[in-house]
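Inspection log for the structure reproduced underneath, given as structure tokens.
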Amino acid sequence: MSQHYYSQQPEAKHDRRDLTTVLRGKSLRFTSDTGVFSKGDIDYGSRVLIEMMEIPQDAKVLDVGCGYGPIGISAALLATKGHVTMVDINSRAVELSRENAGRNGVGNVTVMESDMLAAVQGQVFDVILTNPPIRAGKTVVHQIFEQAYEHLREGGSLWVVIQKKQGAPSAAAKLESLFSQVEEVGKDKGYRILRAQK
């Protein structure tokens, strides 16, 4: 199997690059590398999710599949009195997320290597965010939704960004089978933002 960003230990030769971007009105700097998702620039779907997500100031947040950190770090800047846990199966992504949180002065985060939500057993969150790893396949994406349901408090919400052509209808159907309320809160260039409330 060829290596891709859902690999635990990417073997691709390092090619670190720095990106400066504006997310939610804040100028942020990120270091990216080969072997992680969307290494050249912040993925458009992630940008759409970041702009639309609603994060209470005191929220306990989980970012599943954090990559090099744009979603989780943006959430941490919104949850000024809360805390964000960021998880990814990819060890290189985890290392970059830690580094990027530090370089942007974000201290209210914990970054952990985790196969889906395995590393947060027993924890519950107010908000879970994911730009799910579509290339890992529908089974993995649906497992993330199932595990997210288990890790949300009553009334908590799961925010998902997914492209229509990459399975948004089946993702919505899966979410509706788990959650009491699922709505499409926005769309942009084929990306759908779904919010599922427990």
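The values are calculated or read from the model by the stated rules, or taken from the named source; none is laboratory data. Keep in mind that this is a model prediction, so the values were computed, not measured. Quick reminder, even Gly has a Cβ in these numbers, built from the backbone with ideal geometry, and neighbours come from all protein chains shown.
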Residues of segment 42-100 being within 21 Å of SER157 (Cβ to Cβ), touching a residue at least 60 places away in the same chain (Cβ under 8 Å) and in a helix (DSSP H, G or I), in sequence order, are GLY45, SER46, VAL48, LEU49, MET52, ILE71
Exactly one of ASN108, ASN100, ASN104, ASN131 is buried (at least 24 other Cβ atoms within 10 Å of the Cβ) and more than 25 Å from ALA172 (Cα to Cα), and that one is ASN100
Output for Cβ contacts, cut-off 8 Å, separation at least six or different chains, first residue within 15 Å of ASN131 (Cα to Cα) and surrounded by 14 or more Cβ atoms within 10 Å (Cβ to Cβ) in segment 166-190, second of a type in the set (Gly, Ala, Ser) and at pLDDT 95 or above, reads LEU175/ALA196
| request: Would you check if there is a residue in segment 147-162 being of a type outside the set (Gly, Ala, Ser), on the phi < 0 side of the Ramachandran plot and modelled with pLDDT under 95? | output: yes
Restricted to segment 127-174 and to residues being charged (D, E, K, R) and outside any strand (DSSP E or B), the residue nearest to GLN57 (Cα to Cα) is GLU150
Those residues of segment 167-184 which are touching a Phe, Trp or Tyr at 6+ places or on another chain (Cβ under 8 Å) and under 19 Å from GLU54 (Cβ atoms) amount to LEU175, PHE179
Restricting attention to segment 72-101, the residues that are at pLDDT 95 or above, out of contact with any helix residue (DSSP H, G or I) (no Cβ under 7 Å at 6 or more places or on another chain) and among the β-branched types (Val, Ile, Thr) number exactly 2
message = Looking at segment 104-117, can you tell me whether even one residue there is out of contact with any Cys (no Cβ under 8 Å at 6 or more places or on another chain), at pLDDT 95 or above and part of a helix (DSSP H, G or I)?
response = no
